[in-house]
Amino acid sequence: MSAPRVLVTGASVAGPAAAFWLSRAGYDVTVLERATELREGGQNVDVRASGREVLARMGLEDAVRSRSTGEVGTRFVDGDGEVVSEFPVHHGGDADGPTAELEILRGALSRLLVDACPPTVEWRYGDEVVALTQDDRAVHVELAGGRRESYDLMVVAEGVGSRTRPLVLGDEPEERPLGMYVAYGTVDRTAEDDDWWRVLVAPGSRQVSLRPDDVGTTRAMLTFLDDTPSLEGLDEQQVRVALRDRFADLGWEVPRILDGFDAADDLYVDHLRQVRCPTWHRGRVCLLGDAAWSVTPIGGGGTSLAITGAYVLAAFLSQADDGGHVEALDRYEGWMRPLVEDAQDLPPGVPRIAAPHSRAGVQVLRWATRLAALPPVREVAARLTSGPEAERPLPDLA
């Protein structure tokens, strides 16, 4: 008998990880990506807890370490760039702090995952699903390029803005805005840059940060609170003007970042929102990663959850008898939901508490980071930011 066929949509992190494990589970895998090529850009991500265990089972832990961004820890700074508090990388322990031991650029991780897949995986770029139907035997898809194909299963791993999710679940998923914008971009590295993640918390509910990478540039981020998606519908130039208007009064490295964003070809702006779905599967189609459960950078652990979910999905499918995909998808969802719900359950006041509006509030937050940086407290804080760790062992791949 021929191997069952599965279509995976999305080739960032969750999709390639699913392709790897579904191939191991005996599936004939096709990966479909809307972009015309693998997107190797992106910001810093980390792999923690259960995600790191899955990475080790893939034999990729050393490869990820070899592409480390070189980040040695996190420092909070004041408006003059003076260090307020610092949190070095916690090596060799069972918990990470704000900077994890395994820090890597999203695009570099994506490339490693793609290259780890066997040659039997088919990669298609520049196309996407525009319609789908299901019956007792298959899921039938129509692609933007005009092809019509059928698969035994389909995995939607496209990210928070998935265009395929509505084709599966309609308007059932809830997108919960967190009231915060994040703008990412790459800027030139200067002699003043070091290998710390430097964070400035500024009045007006704003944050500014700079992070090292392993390709000779620096990754910058601007965040600010905004209950309305006020930047939606603006073109790139209008977005740059809006960011400059909001941050132009700040010193430190902010003028350099704003100038760098004017020239950056990778500027990305997102109004953060969680995705909460009543179910992650319907029939022969399931959702994975941010398409199913976006936790946002505020919740943290999104990359680790994507890698863990890809393995758990493949493991339960590998254990299923012929035609047992419904039970397998139920078990996948039951295993993953506690981790996801824990990550989405933000502490009271988050993210507003991390972005005070007043100068007094900023000063209180700085004092709080000094306290959190004390060695006894830092150990507790590290456990709170250590990532999605399951309270039971990972299922076995049959």
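Numbers below:
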{"item": "Cα-based helix-to-principal-axis angle, 236-247 vs the chain, degrees rounded to 10", "result": "40 degrees"}
{"item": "With 10 Å bins from 0: P(r) over region 266-377, alpha-carbon pairs, percent", "result": "12, 32, 26, 17, 9, 3, 0"}
{"item": "FRET efficiency, 1/(1 + (r/R0)^6) with R0 51 Å, evaluated for residue 135 and residue 360 via beta carbons", "result": "0.25"}
{"item": "Highest-fluctuation residue, 205, 318, 230 considered, GNM on the chain with Cα pairs under 10 Å", "result": "230"}
{"item": "Principal axes of the chain: Cα extent on each, largest first, Å", "result": "67, 46, 38"}
{"item": "For region 85-191: span of alpha carbons on each principal axis (Å, largest first)", "result": "57, 40, 34"}
{"item": "Gaussian network model of the chain, Cα within-10 Å springs - most flexible of 333, 101, 172", "result": "172"}
{"item": "Label point distance in nm, residue 150-residue 374, each placed 7 Å from Cα along Cα→Cβ", "result": "6.8 nm"}
{"item": "Semi-axis lengths, Å, region 160-202, gyration tensor of Cα atoms, sqrt of 5 times eigenvalues", "result": "38, 14, 8"}
{"item": "Theoretical FRET efficiency, 1/(1+(r/R0)^6), r = Cβ-Cβ of residue 238 and residue 37, R0 30 Å, to 0.05", "result": "0.65"}
{"item": "Estimated Rh, region 228-270: Kirkwood, alpha-carbon pairs, angstrom", "result": "10.9 Å"}
{"item": "Positive-end extreme of charge dipole, the chain - chosen from 243, 150, 21 (charges on Cβ)", "result": "243"}
{"item": "Virtual spin-label span in nm between residue 276 and residue 83, 7 Å along Cα→Cβ", "result": "4.0 nm"}
{"item": "The chain, relative contact order [Cα under 8 Å, separation at least 6], %", "result": "23 percent"}
{"item": "Dipole in debye (nearest 20) - the chain, about Cα centre, beta carbon charges: Lys, Arg +1; Asp, Glu -1", "result": "400 debye"}
{"item": "Order by protection proxy (mean Cβ within 10 Å, highest first), peptides 11-19, 251-259", "result": "11-19, 251-259"}
{"item": "Linear extension gain, residue 326 paired with residue 228, 0.36 nm per residue minus alpha-carbon span", "result": "31.4 nm"}
{"item": "Convex hull volume per residue for region 58-148, taking Cα atoms only, in Å³", "result": "223 Å³"}
{"item": "For the chain, built as a Gaussian network whose Cα springs stay under 10 Å, the top-fluctuating residue of 349, 260, 299", "result": "349"}
{"item": "Shape parameters for region 258-315, alpha-carbon atoms, Rg then Dmax in Å", "result": "15.4, 50"}
{"item": "Principal-axis tilt of helix 375-384 within the chain, Cα atoms, nearest 10 degrees", "result": "30 degrees"}
{"item": "Segment residue 2-residue 398, length gained on full extension (0.36 nm per residue, minus Cα span)", "result": "140.7 nm"}
{"item": "Residues residue 124 and residue 192, FRET efficiency given R0 of 56 Å [Cβ-Cβ distance, rounded to 0.05]", "result": "0.80"}
{"item": "Region 125-183: trypsin sites (Lys or Arg not before Pro) falling in loop per DSSP and having at most 12 other Cβ within 10 Å", "result": "137, 147"}
{"item": "Label-point separation in nm, residue 266 to residue 143, each point 7 Å along Cα→Cβ", "result": "2.8 nm"}
{"item": "Rel. contact order, % - alpha carbon contacts under 8 angstrom, at least six apart, region 1-117", "result": "32 percent"}
{"item": "Alpha-carbon centroid distance for the pair region 73-135 / region 179-210, whole angstrom", "result": "17 Å"}
{"item": "Helix 302-319 vs. the chain, principal-axis angle (Cα, 0 to 90°, nearest 10)", "result": "20 degrees"}
{"item": "Residues with amide H under 5 Å from that of residue 35, placed H, sequence gap 5 or more", "result": "126"}
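No value in this document is a laboratory result; all are computed from the given coordinates. Because the structure is predicted, anything quoted here is derived from the model rather than measured. Here the Cβ is made from the backbone with ideal geometry for all residues, glycine too, and neighbour counts use every protein chain on show.
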